[in-house]
Structure formats: structure tokens, C-alpha cells
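Here the structure is laid out as C-alpha cells; the discussion comes afterwards.
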Amino acid sequence: MGIRRLSGGPTDSGRPTDGVAGPGGAVGAGPAGLRDARGRLLRDLRLSVTDRCNFRCPYCMPAEVFGENYRFLPRKDILRFEEILRLARLFVGLGAEKLRITGGEPLVRADLPALVASLAAIPGVRDLALTTNAVLLPDQAERLAEAGLQRVTTSLDSLRPEVFARMSGGRGQPDQVLAGIAAAERAGLTPLKVNCVVQRGVNEDDLLPLARHFRGSGHILRFIEFMDVGTMNGWALDEVVPAREIVDRIDAELPLEPVDPNYAGEVARRYRYRDGSGEIGVIASVTQPFCGGCTRARLSAEGELVTCLFAKGGRDLKTPLRDGLSDETLLKIITGTWSARTDRYSEERSERTGPRKAGERIEMYRIGG
Ligand code: SF4
């Protein structure tokens, strides 16, 4: 039984203001905002507030590398809250209306509600979200919500403790993540998204149990194709479960229909259950790349502006900031870096016979997913 498209939801009107490259999407700062060399607007800023994490997910921070003696960035090298705030204000002024706090694991950074309150107060911020592995949410969800956080995205790669342990480096338990999700829901940090990285030979048999678990919950389960992020996860194409297969596996038991994106450039492809009991998403960076609509900039914990998840590196903003340079100068650096942006790694990956050589990609734990 084929999946037919429903005419639900707003569609990409093709208007340049949607953030995606439109006809005549001039490079640089314009009425709709700041465009890169492919006409893509700067709309989203991901703020990594720490390089540390309490998990050791092998596809991001393998335990054999990040052991007990691993030396994370010293505190002095990490942006202070007032520095993050100053840079965030500049990005928001350039059109970055969606802010996402990430890490490493952002909830290990002390006093995070204080930063959240300051970011939430920036005029022009339309959406303030946070990505977390959820196990520290029971202690922090209420305070984060009171500070102005709007919603969270969590991750849960399996409900089976043994598989969860394999994908988290033996840290945490599925029940702890579920408790975190419940705490976020009680605090009103919704709509809540639950990401699951799907790796063949590891957790493809968890797709349906996860779908059954979250169907009807109001939470949006999103399956992510295993990606060659960073240089340490031993990625191989044959370990990718393609989006097509993910959808077919679930549709076989829980009939789905595709839904139009909520907004142009939305990362996940949306599908809803035909019985109306909710929706899922699929993030298909490998088999259905979406670079054409990518409006995301990233600020690493040590103050680098990174223009792609798979970039080789970033542009240092911390040094000019700590050297006392003016906002005007910082803005010139930011607009210059974004305007020159041509990143389209996922498209290139699918055009090439494989990923860029290892060693030429920034590590994901430094910039968040
Ligand atoms: S590969 Fe880079 S340019 Fe493409 S969608 Fe991902 S972050 Fe954006």
C-alpha cells in the first residue's frame, strides 16, 4: 500500500523570506536578513555551552577516546555567559530568530537557567530550545521553563537497556530518559521531540517499539540516519538505515502518510499516523540531503562560528571579542563569514563516492548535532 501525500500544513511558498534560497536571493544583508553565497538566510543559531557530557555515545564521543583522563577544555577557554549573550544578540540582530542551546550536554553547565533567562530576553528571539540527553531534566526542567526556555529535544536510541547502554557508552538508563521527558512535559517544555539515531546492526529493531511507545503521547519521535559526523565514529554507508526503509518498517504496522513541512528548511521530513495518533519525523542527511534549505549557524563552546555540522573548523570570535573589539567589527566578521558560506556537505557526500577524509571534520560534541 503506497503512501499518499496529504495537502496538510503550510508549504514552501518560495518567498525569499522563508529562509530558503529564493530567486534573486542576493548574498549579504538584505531586507529579509543575511544571506550566504547560496542565498540561504541566517535563521538559526546553535549555541554550544560546553564540550563536556555525561554520556559517551559512540557516534559522537566514544568512551575509548573520552576516558576518565580525557582533558576537556579548561574553563578559561569556554565562553562566559556574558560573552555568549553578546554574540547571540549580534546574531539575532542579523536575523537568527531561533536559538538552540546544546553542548556536549548543556545541562552539565552550571547556572544554565541564568543564561536561558538572558537569551529569552533578547528582542527578536522567536524560539528558544535546548537539546539534551534528558537524564538531568528532572532536577532542572522547572527552573529552565521559568527562565524562559520554550521547548526541548531529547534523544533515546532504544528502550532496551542493553542496546541503550551500547549507544550511550554505558551511561544512563532508558528509564532515566523517560523520567526526563516526563519532567519536561510537566514543566510545559513542549512540543517535545525525541531523536533516535538509527544504526544498522545496532538498533534498527527498536524503531517499532519506540514508535508504539510514543504514538499518542503528543511527543514527536524523529529517526536520524546514522551520519559521518566528526572523525571518530567509524561511519560506514552500509550501517545507514535509509529513511525509506525506516518509514516502510513503521508504515507496515502503523500506517503513515507524509505531511508538508511546518516551515521551509525544516530538517525532518514529517509523517503522521493515519489514525491521527500523532506524527514522526525522519532526518535523512545521507539519503535525502537538505543543504539547500540550511539556515543554521553554530557557535562552539570556545567561540568559533561554524557554518556546517561537517565543517573542517570555524572562525574564531572569542579572540576579537576578548581583545575588546567593537560590536561593529564582530558584525563584520560574522556577516563576512556567513556571506561567504557555500557549505553543502551532505549533498556533496551523496554526489561523491563517500565521506570526506577523516580528520577533516569538526567533532560534533564541540558544536552539538
Ligand atoms: S551538511 Fe552542512 S550545509 Fe548541509 S544541512 Fe547539514 S549543516 Fe547544513
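Before moving on, here are some points about what is shown:
- Listed residues ARG52, ARG35, ARG349, most fluctuating in the chain (Gaussian network, C-alpha, under 10 Å): ARG349
- Residues of type lysines that LYS76 reaches as a straight line, Cα spacing below 16 Å, ignoring anything fewer than 8 places off in the same chain: LYS318
- Rounded to whole numbers, the Karplus 3J(HN,Hα) couplings from phi for the stretch 250-255 are 6, 4, 4, 10, 10, x Hz, using 6.51 cos²θ - 1.76 cosθ + 1.60 with θ = phi - 60°, and x at Gly and Pro.
- Three-way shape call for the stretch 120-255 based on the alpha-carbon gyration tensor, with the a/c threshold at 1.5: prolate
- Going by accessible surface with a 1.4 Å probe and the largest first, ARG215, ARG269 read ARG269, ARG215.
- Partners for LYS193 among lysines (Cα-Cα distance below 17 Å; same-chain residues under 8 apart left out): LYS98
- In sequence order, the stretch 99-110 has phi-based couplings of 10, 10, 8, 9, x, x, 10, x, 6, 7, 7, 5 Hz under the Karplus curve 6.51 cos²θ - 1.76 cosθ + 1.60, θ = phi - 60°, and Gly or Pro positions carry x.
- Charge dipole of the chain (Cα centre as origin; +1 on each Lys and Arg Cβ, -1 on each Asp and Glu Cβ, all else neutral): 680 debye, rounded to the nearest 20.
- Whole-number accessible area per residue in Å² for the chain, which is evaluated in the context of all protein chains at 1.4 Å: 41
- Residues in the stretch 180-194 carry Karplus couplings, in order, of x, 5, 5, 5, 5, 5, 4, 7, x, 7, 10, x, 9, 10, 10 Hz; the curve used is 6.51 cos²θ - 1.76 cosθ + 1.60 with θ = phi - 60°, and Gly or Pro positions show x.
- Note on the stretch 69-146 and the stretch 179-252: Cα centroid distance 24 Å, given to the nearest whole angstrom.
- Whole-percent carbon and sulfur share, accessible surface of the chain, 1.4 Å: 51
The values are calculated or read from the model by the stated rules, or taken from the named source; none is laboratory data. Predicted, not measured: the structure shown is a model, and the values here were computed from it. Don't worry about glycine lacking a Cβ; one is built from the backbone with ideal geometry, like all the others, and counts go over all protein chains shown. Quick note on the areas: whole protein, heavy atoms, side chains included, nothing else; ligands and nucleic acids left out. Shrake-Rupley method; radii C 1.70, N 1.55, O 1.52, S 1.80 Å.
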